[in-house]
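A.B. asks: Below is one structure. I have some questions about it.
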Amino acid sequence: MKYFILAGLLSGAVFANSNDLIHRPKSFPVTGGQAVFVDFSEAVYKITYDATTKKALVRAEISFDAPEAGLPIFDTVQTPTSIILDGVKVDAVEAKTPSRETTLRYVNRSVSVGSHSMIIEVPLNELLDFTSEQGVKSAFWTSDLSEREFMERYLPANFEFDQVKMTYMIKFVGTKTKQLIFTNGTQTTEGDWIKISYPSHYTASSIFFHTVPEGTVEYKRFTLRSIDGREIPAVVYYQNGPFSTTNLDRLQQKTTDVFTELERDYGAFLHPQIIVYNAGSGGMEYCGATMTDNGALGHELFHSYFARGVMPANGNSGWMDEALASWRDGGYRSTTTLSGSSRMSAHEYYTRTTDTAAYSFGARFMGYLDGTLAARGKGGLKPFMRHMVENKSLKPIFVEEFYKEMSAFYGVDMEPDFKKYTYGQGIVTPAKADEHVHKKMSLQELRKHL
Ligand SMILES: [Zn+2]
């Protein structure tokens, strides 16, 4: 019995980050050594908003494990003002990946295999507005349509493969109005700090965070009863303006309808809360949260199952959830013929963005898989989607794992279809810059929605 327990503990400890290690991108040579991707185990972000100086600062305390020796990689768009690695002041170099597909930073001091810690300080400059009422509006909204637009746009972070136990410690200095925080974590207070703890399966694309002075938004809280018996807390909100209570009621109803549809199709909601910010334009998904408009609400909440439920581990797997979401938006149309191809799965190795062919060709590809599987008497694609939610959610996967799982589920080798239609082994239909629900928004456009 004793040995059994010990074995259980050991395998538990290994299991904790094994998915991160499997999906960790490979290291590459740089001037002065080898840049290595490390596994962040924990990150505490101390974020101070100072209304008197109208400045916000971030201090990130990161614990990480280096599975190989080398120059540890992280990313932050803002240049750090200070980096301390294992107690020693160091610098970081901003560099392109070998095929120049993305940009990142690595510390110019090598670490040995094992556990390390890093303290990084950066100014917070983006999507930040100190209002005249001496409050602050700030959000960490993300996008996968351009490089470096996940959490690294605001805070030091790792690539999307890495699941990290994250905590935000928020302090407001000199604000005269009560601050509201809409976020998909658990809020408590610790002295002057508001502490927000996020689930340990979160990645750089999981967190929804938006703070505003009270009175600048209209919101409504309610609960949604899950098919598993939970009462899930939900909040819907709008920026204050030409909207009324009727709109909040309508938004609550629409959220409830989509929630019911999704639970019916894919099982119990995967997250402990729902946050819907109807900004009236754009659309982006987070774990159990979205900034959206009316038309995209269904699409974005679908992503709580695929994207922020069954998670992509890199840019080349980002198309799968967009294809599935768009297939749903189009009414799950089924077909047994498909012309053209794409390279959605076959971009350069370190790519972090999603191929926009996902919304059009990708959706048709899902309809084709559904149609051909149904024609073979296999019951279409939805049973597999439900299987994925039940068995593979809340940890990032590669596209190769997706189609291997599909092959095992149906007893049919799906690899040839994926190779033909998503790795460009066929006639490639050029990815059109389709209009789709995730409107590419500049920071200037996003700022209007703060
Ligand atoms: Zn989407």
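The values are calculated or read from the model by the stated rules, or taken from the named source; none is laboratory data. No experiment lies behind these values; they were computed from the predicted model shown. Quick reminder, even Gly has a Cβ in these numbers, built from the backbone with ideal geometry, and neighbours come from all protein chains shown. Note: accessible area is taken over every heavy atom of the protein model, side chains too, but ligands, DNA and RNA are not part of it. Shrake-Rupley method; radii C 1.70, N 1.55, O 1.52, S 1.80 Å.
A.B. asks: Does the range 30-83 hold any residues that are closer than 17 Å to I194 by Cβ and assigned to a loop (DSSP other than H, G, I, E, B), and which are they?
C.D. replies: Residue satisfying the conditions is A51 alone.
Residues are listed down the side, and each one gets a yes or a no for (1) among the small types (G, A, S); (2) within 26 Å of L324 (Cα to Cα); (3) touching a strand residue (DSSP E or B) at 6+ places or on another chain (Cβ under 7 Å):
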position	(1), (2), (3)
P213	no, no, yes
K220	no, no, yes
N247	no, no, yes
T260	no, yes, no
Q273	no, yes, yes
N278	no, yes, yes
M284	no, yes, yes
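A.B. asks: Can you name every residue in the range 63-88 that is open to solvent by 50 Å² or more (accessible area, probe 1.4 Å) and over 22 Å from the mean Cα position of the chain (by Cα)?
C.D. replies: E68, A69, T79, T81, I84, D86, G87, V88
A.B. asks: Another question, then. Need pairs with beta-carbon distance below 9 Å; first residue closer than 16 Å to L104 by Cα and within the range 32-57, second assigned to a strand (DSSP E or B) and acidic (D, E); sequence gap 6+ or separate chains.
C.D. replies: Listed pairs, sorted by first residue: V38/D65; D39/D65; F40/D65.
A.B. asks: Out of the residues in the range 110-130 that are part of a loop (DSSP other than H, G, I, E, B) and in contact with a Leu (Cβ under 9 Å, 6 or more places away or on another chain), state the one that is surrounded by the fewest Cβ atoms within 10 Å (Cβ to Cβ).
C.D. replies: Among residues in the range 110-130 that are part of a loop (DSSP other than H, G, I, E, B) and in contact with a Leu (Cβ under 9 Å, 6 or more places away or on another chain), the one surrounded by the fewest Cβ atoms within 10 Å (Cβ to Cβ) is S110.
A.B. asks: Separate question: Going by the conditions given, is T188 within 18 Å of the chain's Cα centre (by Cα) and at pLDDT 95 or above?
C.D. replies: Criteria not met by T188.
A.B. asks: While we're on this one: Looking for something open to solvent by less than 10 Å² (accessible area, probe 1.4 Å), in contact with a Gly (Cβ under 8 Å, 6 or more places away or on another chain) and more than 14 Å from the ligand (Cβ to nearest atom) - is there at least one such residue anywhere in the range 349-356?
C.D. replies: No, the range 349-356 contains no residue that is open to solvent by less than 10 Å² (accessible area, probe 1.4 Å), in contact with a Gly (Cβ under 8 Å, 6 or more places away or on another chain) and more than 14 Å from the ligand (Cβ to nearest atom).
A.B. asks: Looking at G340, G315, G362 in this structure, which one is open to solvent by 10 Å² or more (accessible area, probe 1.4 Å) and either in contact (Cβ under 8 Å) with a residue 40 or more places away in the chain or within 16 Å of the ligand (Cβ to nearest atom) (or both)?
C.D. replies: Within the list G340, G315, G362, the selection yields G340.
A.B. asks: Do the conditions hold for A323, that is, is it within 13 Å of the ligand (Cβ to nearest atom) and closer than 27 Å to K220 by Cα?
C.D. replies: no
A.B. asks: In addition: Quick check: anything in the range 366-377 open to solvent by 10 Å² or more (accessible area, probe 1.4 Å) and without any contact (Cβ under 8 Å) to a residue 24 or more places away in the chain? Lay out the reasoning, then the answer.
C.D. replies: Step one: list which residues in the range 366-377 are open to solvent by 10 Å² or more (accessible area, probe 1.4 Å), which gives 368, 370, 372, 374-377.
If we keep only those that are without any contact (Cβ under 8 Å) to a residue 24 or more places away in the chain as well, we get 377.
The answer is yes, given that some residue of the range 366-377 is open to solvent by 10 Å² or more (accessible area, probe 1.4 Å) and without any contact (Cβ under 8 Å) to a residue 24 or more places away in the chain.
A.B. asks: I need every pair where a residue in the range 404-426 that is more than 11 Å from S341 (Cβ to Cβ) has its Cβ under 7 Å from the Cβ of a residue that is charged (D, E, K, R) and open to solvent by 20 Å² or more (accessible area, probe 1.4 Å), sequence separation at least 6 or different chains.
C.D. replies: E405/K392; S407/D413; S407/E415; Y410/K378; V412/R376; V412/K378
A.B. asks: Restricting to the range 267-304, give me the number of residues that are of a type in the set (D, E, K, R) and within 11 Å of the ligand (Cβ to nearest atom).
C.D. replies: As a first pass, look at the range 267-304 and keep what is of a type in the set (D, E, K, R): 285, 293, 300.
Keeping just the survivors that are within 11 Å of the ligand (Cβ to nearest atom) gives 285, 300.
Within the range 267-304, residues that are of a type in the set (D, E, K, R) and within 11 Å of the ligand (Cβ to nearest atom) number 2.
A.B. asks: Let me ask something else about it. Tally time: how many residues in the range 84-109 are among the β-branched types (V, I, T) and either not assigned by TED's automatic domain parsing to the domain that holds A56 or not in a strand (DSSP E or B) (or both)? Walk me through it before giving the result.
C.D. replies: Residues of the range 84-109 that are among the β-branched types (V, I, T), as a first pass: 84, 88, 90, 93, 97, 102-103, 107.
Adding the requirement that they be either not assigned by TED's automatic domain parsing to the domain that holds A56 or not in a strand (DSSP E or B) (or both) leaves 97, 102.
So the answer is 2.
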